């Protein structure tokens, strides 16, 4: 009996040692950073920035505006970070600022700033699974009406059955937040819907589809108080119904650049905040309806 027990213990110890050895020798493989815009190697003062990336379940897609020729670029990468192909230019429009790309299940949607010939406007374009344009860019700001102002800071979300593009512009002399809805084929259904036209300026909107209620959640930086920048939010339905503006972050300090993401049964929001005397990042949970349901967490 004692001999059998000894053998069992010996086997256990040996197995433990082998397992420990395997754990010790395990090293995760990390790829080197990829230079996705190699034209920059030519030198000069021009730079690339403000990119957007999306994962489609198989590989990555990245869009950006370069400052060499001011064009919107696209490039795909395999899951291990290896480029699928060279970068391609999606539009000949003179472009700037921050583009946004989303995956729609069979291709992509992209929103960005482009020069219309009179003002910087917001454009939308669908792409196939390989990143080839489907049709021509659609101007979604000042849609069907005369342009009177530059537009900036576009963001884009996909609902599973359509898109919503949001941005800010000063057509009312102060910065306000607007949105345009498109169907699955990229056809505009409702355009230039005011999300916030409060006093002073509102800017830098960010959007996510709130799957818990079937509406788009938009958050932004807001100066309606006249003394500090705060975070506000609102929702818009696919049928163009807009909810009231809700104050999400307030205090004695400024709060800037919110971002929002769907969690299935609610939303998460992060932003930049100076309440402690330094610029720090905070996080809070929102209900699916867009109301804050947690305290502000300094992360």
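The values are calculated or read from the model by the stated rules, or taken from the named source; none is laboratory data. Bear in mind the structure is a predicted one, so any value in this text is a computation, not a measurement. Backbone-built Cβ (ideal geometry, glycine too); neighbour counts: all protein chains shown.
Determine whether the range 169-182 contains at least one residue that is on the phi > 0 side of the Ramachandran plot, at pLDDT 95 or above and in contact with a strand residue (DSSP E or B) (Cβ under 7 Å, 6 or more places away or on another chain).
no
Scan the range 68-93 residue by residue and report those that are farther than 24 Å from residue 135 by Cβ and either over 21 Å from the mean Cα position of the chain (by Cα) or modelled with pLDDT of 95 or more (or both).
Selection gives 68, 77, 78, 79, 80, 82, 83.
Is it fair to say residue 143 is in contact (Cβ under 8 Å) with a residue 12 or more places away in the chain and buried (at least 19 other Cβ atoms within 10 Å of the Cβ)?
No, not satisfied.
So which strands (runs of 3 or more DSSP E) are wholly in the range 172-277 and hold at least 3 residues that are in contact (Cβ under 8 Å) with a residue 60 or more places away in the chain and more than 25 Å from residue 294 (Cβ to Cβ)?
none
For the range 278-299, name all the residues that are in contact with a strand residue (DSSP E or B) (Cβ under 6 Å, 6 or more places away or on another chain) and in a loop (DSSP other than H, G, I, E, B).
Once the filter is applied, which keeps residues that are in contact with a strand residue (DSSP E or B) (Cβ under 6 Å, 6 or more places away or on another chain) and in a loop (DSSP other than H, G, I, E, B), the range 278-299 yields 279, 288, 290, 293, 294, 296, 299.
Of all residues in the range 212-228, how many are surrounded by fewer than 23 Cβ atoms within 10 Å (Cβ to Cβ) and either over 22 Å from the mean Cα position of the chain (by Cα) or under 19 Å from residue 174 (Cα atoms) (or both)?
6
Within the group 96, 108, 163, which residue is closer than 22 Å to residue 259 by Cβ, surrounded by 15 or more Cβ atoms within 10 Å (Cβ to Cβ) and modelled with pLDDT under 95?
Selected residue: 96, the only one of 96, 108, 163 that is closer than 22 Å to residue 259 by Cβ, surrounded by 15 or more Cβ atoms within 10 Å (Cβ to Cβ) and modelled with pLDDT under 95.
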